[in-house]
Each structure stands twice: as structure tokens, then as C-alpha cells.
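Colleague: Got a structure for you, questions after.
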Amino acid sequence: MIDVIRNSWALLLGMLLLMLGNGLQGSLLGVRGAEAGFSAPVMSMVMSGYFAGFLFASRMVPNMIRRVGHVRVFAALGSFVSAVLIMFPTFQDPIAWTLGRCVIGFCFCGVYVTAESWLNNAATNETRGQTLSAYMIVQMLGIILAQALLVVPDASGYLLFIIPSVLVSISFAPILLSITPTPAFEATKPMTLRELYDVSPLGMVGMFLLGGIFAAQFGMGAVYATQAGLELGQISIFIASFYVGALLFQYPLGRMSDRMDRRWLIMIVAGLGAGAAAIATVMGGYFWALCVSAFIIGGTSNPLYSLLIAYTNDFLNTDDMASASAGLLFVNGVGAITGPLVIGYAMQIVGPPGFFVLIMALMAAISLYALFRMTQRASPNVGDTSVYAPISPSATPVAMEVAQEYAIEVAEEAENEEEQT
């Protein structure tokens with residue numbers, strides 16, 4: 001890990017600053033939208049715009065990179081992010097905010113794709129797994145630390161929008177000044193939805209439902225907290241709890257997944273998430289209960305992303321893993337777009353608790369479907385399953401392919417060891 005940090009510290013520092021800016025703008029819009037009197041359904045439309053832009057960019061950015069190169073795409077999209085962040089407080093209109101979120105989602109996806117390309121190019125076969133882990137840790141830490149900035153006094157109403165704009169702008173320096181030439185960018189064509197479902201019904205259905213859960217945390221968490229009457233400092237702690245749990249649960253669950261039937265683990269982990277959401281629904285008046293529930297939900301939902309990818313890989317040849325991951329990414333993105341919209345209307349019908357009611361329903365659906373799938377197909381031999389690679393739900397196609405390369409390399413090493421013995 002020390003070698004990874006030494007060789008890629010500038011890229012990792014730049015990504016940390018990017019995540020600080022991205023993490024702050026999502027929570028800040030949720031708070032400011034409530035102050036402006038926007039209803040939950042209106043804010044859900046605003047928040048879903050980010051995921052729509054992100055999904056669209058995952059298809060468009062590779063073509064942009066092939067035409068004009070990594071550096072130009074990175075600089076251009078990063079500049080748009082800084083500009084849009086400053087425009088949010090100027091135009092307090094839900095349509096303008098939705099369009100702005102679409103642009104930011106598109107641009108952040110493109111920025112991540114180019115930065116991850118450089119990071120992957122700097123990694124070797126020996127350091128790829130550690131590089132992936134370091135990248136995910138940096139992403140989570142950036143979002144967690146961003147929540148502390150939410151409590152910065154802002155009498156003018158502009159300062160908290162200027163801070164993420166500055167952070168994003170500064171993040172360009174370490175990345176652009178440290179990059180090395182990258183290989184030609186090749187995007188993998190995703191599997192058709194039918195092919196993906198035939199390979200792994202649980203992987204496809206689970207990723208769609210999980211997209212809604214993740215989008216709820218990242219998009220509607222601050223909206224819920226504001227409507228529930230939490231103070232600004234409490235909102236900061238509440239949102240951070242999701243990502244602290246995500247960071248701490250990822251590796252223990254990953255180690256467990258390589259030693260047992262992953263469907264059992266998916267069922268149990270999703271069940272725990274549903275239980276935590278149920279507790280928050282009943283005990284929403286207690287701040288400590290909300291934070292504990294958020295910690296457990298984040299600690300279960302984020303590892304589920306990697307679990308579902310690893311489980312799908314268990315039924316694939318190594319040559320098909322990249323195309324399957326691209327399909328899973330698309331399905332998850334569709335779920336992420338619809339998640340905030342549904343939660344927004346649920347909050348309008350039943351009040352703020354609708355946020356946790358829907359998360360509980362989605363988690364329970366994943367758990368029950370995993371249980372059902374165990375009656376439909378035998379489990380693969382644990383010794384023949386693919387390796388678990390930690391991936392953030394905000395992963396782009398590049399990060400997904402890095403994870404798949406790591407899984408393939410580990411599998412090939414295991415085969416070579418078996419042949420030698």
C-alpha cells in the first residue's frame with residue numbers, strides 16, 4: 001500500500017478533493033432546497049438529475065476521450081463543475097437545479113473516468129488490488145470529510161457553494177501535473193439485459209434495487225434530515241454515518257464472501273439493512289437511533305454492490321466479466337435515477353419516515369429474492385468462485401474494469417499455483 005501511495009499520491013489527493021466537493025454539494029442542495037420551500041417530490045427530481053447525467057456520461061465520455069484525449073476532457077468537464085456549483089445559489093429554481101445536477105453528474109462521471117484511467121495505468125499487476133482499495137478509501141473519506149464543511153457559517157448564502165467549486169478547481173493541479181501518457185481508451189460493450197438476467201437474475205435484480213438505495217443515501221439523505229427537523233450539525237453527522245459504515249464494513253464482509261455461499265451473505269446483509277431502516281422508521285425521533293441506522297444501512301448497502309458483482313462473476317468466464325460489469329453498471333444507474341423519484345413521493349405521502357420505509361422495502365426485496373434464488377440454482381463451489389474486489393457504488397466503467405482485471409489476475413494466479421502443485 002505504501003508503494004501505491006508513493007506512486008499515485010497526486011492522483012489520490014486530487015480525487016480526495018473532488019470527492020470533498022461532490023459530497024458537499026449533494027448535502028448542501030438538500031438543505032438549501034428545504035429552506036427554499038421545495039417539496040420532497042421536487043427535490044427528488046432535482047437529486048435524480050445527477051444520476052441521469054452520470055449514466056448518460058458513462059456512455060458518452062469514452063467517445064469524447066477517443067476524439068480529443070484525456071487531458072482536454074478532464075479540464076473541460078472539471079471547469080463546468082466549478083461553474084455550475086457557483087450558479088446554484090444564483091438561480092433558486094427547481095428546473096435550473098435539476099439541469100445543473102444533470103450537468104454535474106455528467107461532468108463528475110467524465111472526470112472520474114479520466115482520473116481512473118490514469119490511476120489504472122499507474123498500477124501494476126502486483127499493486128492493482130491495493131490501488132483499487134486505496135481509491136475506494138479515498139472516495140469514502142472525501143464524502144465523510146465533506147459533511148464537516150456543511151456546518152461552516154454562511155451568512156451570504158454563497159460561501160458553501162464557493163467552497164466545493166474551489167476544491168474541484170484545486171483538484172486539477174495535482175492530477176494534471178502528475179499524469180503520464182495513457183493507453184488508448186477502449187469501452188466495453190455491455191451485455192444485453194436478457195443475457196445479463198440469464199447469467200445472474202440475482203445480480204441484475206439486486207443491482208437495480210441497490211441503485212435506488214444508494215441514490216437515496218447520496219441524493220435524498222439531506223432532504224430527509226432537513227424535513228425531519230435535524231439541526232445542521234446533526235445533518236452532517238447523519239450523512240457521514242452512512243459512509244463511515246460503508247468504509248468499515250467493506251473489507252470484513254469481503255473476506256467473508258470469499259469463504260461462503262455469497263447468496264447467504266447477500267440475504268443476511270440485505271436483511272440487516274432492512275432491519276436498520278425499520279428501526280429508524282419507528283425510532284426516528286431519537287437522533288442516536290438515526291445515526292446507528294444510517295451506519296448499518298451504509299455498511300450493508302455499499303458492500304452489497306461489490307458482493308453482487310462478485311456473485312455474478314461466479315457464473316462467468318473471465319472473457320465475459322467486463323461486458324457483464326458494464327451491464328450491471330447500466331442497470332444500477334437506472335435504479336439510481338428512479339430511486340430518488342419514488343422516495344420523494346413516498347415522503348410526500350407518509351412524511352419524512354417514507355425515506356426509511358422505501359429503503360426498508362428495497363433491502364427486504366433483495367434479501368427475499370436472494371432466498372428465492374437459492375431454491376432455483378445450486379451454489380458454485382466456494383473454491384471456484386471469483387475474488388471479491390471492493391468497489392464504490394459511484395464507480396465508472398473504468399473502475400469496474402479495473403476490478404474485473406484484478407479478479408481475473410487473482411484467478412489466473414490461483415490456477416497457476418494449482419498446476420504447479
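The values are calculated or read from the model by the stated rules, or taken from the named source; none is laboratory data. Everything quoted here is computed from the prediction, not taken from an experiment. With ideal geometry, Cβ positions are generated from the backbone for all residues, glycine too; neighbour counts draw on all protein chains shown. In case anyone asks, the SASA skips ligands and DNA or RNA and just uses the protein heavy atoms, side chains included. Shrake-Rupley method; radii C 1.70, N 1.55, O 1.52, S 1.80 Å.
Colleague: Quick check on this structure: which one of Met256, Met260 is open to solvent by 10 Å² or more (accessible area, probe 1.4 Å), not basic (Lys, Arg) and not in a helix (DSSP H, G or I)?
Modeller: Numbers: Met256 fails: not in a helix (DSSP H, G or I).
That would be Met260, the only listed residue that is open to solvent by 10 Å² or more (accessible area, probe 1.4 Å), not basic (Lys, Arg) and not in a helix (DSSP H, G or I).
Colleague: Same structure again: Would you mind finding the one in Leu248, Leu209, Leu196 that is surrounded by fewer than 22 Cβ atoms within 10 Å (Cβ to Cβ), in contact (Cβ under 8 Å) with a residue 40 or more places away in the chain and under 22 Å from the mean Cα position of the chain (by Cα)?
Modeller: Working: Leu209 fails: surrounded by fewer than 22 Cβ atoms within 10 Å (Cβ to Cβ); Leu196 fails: surrounded by fewer than 22 Cβ atoms within 10 Å (Cβ to Cβ).
Step by step, each of Leu248, Leu209, Leu196 is checked, and only Leu248 is surrounded by fewer than 22 Cβ atoms within 10 Å (Cβ to Cβ), in contact (Cβ under 8 Å) with a residue 40 or more places away in the chain and under 22 Å from the mean Cα position of the chain (by Cα).
Colleague: Tell me whether region 358-367 contains one or more residues that are at pLDDT below 75 and either more than 14 Å from the chain's Cα centre (by Cα) or surrounded by fewer than 23 Cβ atoms within 10 Å (Cβ to Cβ) (or both). Step through it out loud before you land on a result.
Modeller: First, the residues of region 358-367 that are at pLDDT below 75: none.
No.
Colleague: Right, another one. Are there any pairs with C-beta distances below 8 angstrom linking a residue in region 341-352 that is open to solvent by 20 Å² or more (accessible area, probe 1.4 Å) to a residue that is of a type in the set (Val, Ile, Thr), with the two at least 6 apart or on different chains, and if so which?
Modeller: Close Cβ pairs (under 8 Å, with a partner that is of a type in the set (Val, Ile, Thr)) amount to Ala346/Val357; Val350/Val357.
Colleague: Also, quick follow-up: Go through Val113, Val103 for me and flag whichever is modelled with pLDDT of 75 or more, touching a helix residue (DSSP H, G or I) at 6+ places or on another chain (Cβ under 9 Å) and buried (at least 21 other Cβ atoms within 10 Å of the Cβ). Give the steps one after another, and end with the answer.
Modeller: Working: Val103 fails: buried (at least 21 other Cβ atoms within 10 Å of the Cβ).
Testing whether each residue is modelled with pLDDT of 75 or more, touching a helix residue (DSSP H, G or I) at 6+ places or on another chain (Cβ under 9 Å) and buried (at least 21 other Cβ atoms within 10 Å of the Cβ) leaves just Val113.
Colleague: Starting from region 145-165, keep only residues that are farther than 14 Å from Met19 by Cα, then list their pairs with residues that are at pLDDT below 85 and surrounded by 15 or more Cβ atoms within 10 Å (Cβ to Cβ) whose Cβ atoms are within a distance under 9 Å, requiring at least 6 positions of separation or different chains.
Modeller: Within 9 Å, the pairs are Leu160/Asp154; Phe161/Asp154.
Colleague: Ala96 is checked against (1) surrounded by fewer than 18 Cβ atoms within 10 Å (Cβ to Cβ); (2) at pLDDT below 85; (3) part of a helix (DSSP H, G or I) and fails just one. What number does that condition carry?
Modeller: Of the numbered conditions (1) surrounded by fewer than 18 Cβ atoms within 10 Å (Cβ to Cβ); (2) at pLDDT below 85; (3) part of a helix (DSSP H, G or I), the odd one out for Ala96 is (2).
Colleague: From the list Pro190, Pro153, Pro183, Pro174, pick out the single residue that is touching a Gly at 6+ places or on another chain (Cβ under 6 Å), at pLDDT below 80, farther than 27 Å from Ala364 by Cβ and surrounded by fewer than 21 Cβ atoms within 10 Å (Cβ to Cβ).
Modeller: Working: Pro190 fails: surrounded by fewer than 21 Cβ atoms within 10 Å (Cβ to Cβ); Pro153 fails: touching a Gly at 6+ places or on another chain (Cβ under 6 Å); Pro183 fails: touching a Gly at 6+ places or on another chain (Cβ under 6 Å).
Criteria check complete, one pass: Pro174.
Colleague: Please find, within region 58-93, the residue that is surrounded by the fewest Cβ atoms within 10 Å (Cβ to Cβ) out of those that are in a loop (DSSP other than H, G, I, E, B) and of a type in the set (S, T, N, Q). Spell out how you get there, then give the answer.
Modeller: Going residue by residue through region 58-93, those that are in a loop (DSSP other than H, G, I, E, B) are 69, 88-93.
From the residues that got through so far, the ones that are of a type in the set (S, T, N, Q) too are 90, 92.
Details: Thr90: 10, Gln92: 15.
Filtering region 58-93 for residues that are in a loop (DSSP other than H, G, I, E, B) and of a type in the set (S, T, N, Q), the one surrounded by the fewest Cβ atoms within 10 Å (Cβ to Cβ) comes out as Thr90.
Colleague: Continuing with this model, one more query. Only one residue in Leu290, Leu272, Leu308 is open to solvent by 20 Å² or more (accessible area, probe 1.4 Å), part of a helix (DSSP H, G or I) and either touching a residue at least 60 places away in the same chain (Cβ under 8 Å) or hydrophobic (A, V, I, L, M, F, W, C) (or both), so which one is that?
Modeller: Values: Leu290 fails: open to solvent by 20 Å² or more (accessible area, probe 1.4 Å); Leu308 fails: open to solvent by 20 Å² or more (accessible area, probe 1.4 Å).
After applying the criteria, what remains is Leu272.
Colleague: Step by step: first the residues of region 275-287, then only those that are open to solvent by 50 Å² or more (accessible area, probe 1.4 Å) and in a helix (DSSP H, G or I), then the one that is nearest to Gly212 (Cα to Cα). Which residue is that?
Modeller: By that ranking, first place goes to Ile279.
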